[in-house]
1. Give me the percent of accessible area attributable to carbon and sulfur for the chain, probe 1.4 angstrom.
2. For His142 and Lys22 in one chain, what is 0.36 nm times their gap in residues minus the Cα-Cα distance, to one decimal in nm?
3. Please check the chain for the longest run free of trypsin sites (Lys or Arg not before Pro) that are loop-located per DSSP (anything but H, G, I, E, B) and have at most 16 other Cβ atoms within 10 Å.
4. Can you give me the accessible area per residue for the chain, using a 1.4 Å probe, in Å²?
5. Would you please classify the overall shape of region 94-171 from the alpha carbon gyration tensor, given that a ≥ b ≥ c denote the square roots of the eigenvalues, rounded means a/c under 1.5, and beyond that prolate means a/b larger than b/c while oblate covers the rest?
6. Tell me which label goes with the value of Rg/Rh (Cα atoms, Kirkwood Rh) computed from the coordinates here: [x] 0.95; [y] 0.97; [z] 0.99.
7. Taking only Cα atoms, what is the 0 to 90° angle, nearest 10, from helix 148-163's long axis to the longest principal axis of the chain?
8. Under the definition of Cα pairs under 8 Å and six or more residues apart, what whole-number percent is the relative contact order of the chain?
Amino acid sequence: EKGIKAAFFIIGDNLKSGLGKKMLKRIVDEGHTVGIHTMTHKYDSIYKSVEAFLDDFNQAFELVYEITGVKAEIFRFPGGSINNYNSGIYQELIAEMLRRGFTAYDWNVSSADSALSMDSGKIVENIVPNCLGRNLSIVLMHDSRGKTATVEALPQVIDDLQAGGMNLLPLRNTVRPVFF
């Protein structure tokens, strides 16, 4: 509605349905950025080893390419670049992904929309004041089923950020990465 482009970090398992493929094609057709968020999003298995992560990641990468012809260049680690599951391998993972030409992004502003009882007003409160005054904000939001409060919050978030002088741009691999 407002002409703003976003980055969508794709979980490959969500592309197994016709609806998932249709949504991914729409994301690409509308000019948004596609990033990879692994195939399974299962922390215990993807962070078992560097090889396990790379295998899972590559499955999602190949599936996105097969469906859209897009070779995603950015990704987001499930749980962020440093978490309780990957603490022993995160440096090697980041180095290997960079070597393979991928750029990882964490976030520096969270909508906190993963909480079960989050309403749209609180999402706006979590985003807007934390973005204003920053040179670069990467906002974590989720678009999974049931995130109606996130969708409801978006128009006000966009309006408030633009009114505050923020330029809203999609995430691309030319943007300086944000890490925890």
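The values are calculated or read from the model by the stated rules, or taken from the named source; none is laboratory data. Keep in mind that this is a model prediction, so the values were computed, not measured. Cβ placement follows ideal geometry from the backbone for every residue including glycine, while neighbour counts extend to all protein chains displayed. What goes into the accessible areas is simple: the full protein's heavy atoms, side chains included, and nothing from ligands, DNA or RNA. Shrake-Rupley method; radii C 1.70, N 1.55, O 1.52, S 1.80 Å.
1. Numbers: 4970 of 10120 Å².
Ligands and nucleic acids excluded, carbon and sulfur give 49 percent.
2. Computed gain between His142 and Lys22 is 41.4 nm.
3. Looking at the chain, 101-133 is the longest stretch - no exposed trypsin sites (Lys or Arg not before Pro) with at most 16 other Cβ atoms within 10 Å.
4. Values: 10120 Å² over 180 residues.
Spelled out: the 1.4 Å probe surface of the chain, per residue, equals 56 Å².
5. oblate
6. For Rg/Rh (Cα atoms, Kirkwood Rh), the calculated option is [x].
7. The angle comes out near 60 degrees.
8. Working: 270 pairs, mean separation 40.0, N = 180.
In percent, rounded to a whole number, it is 22.
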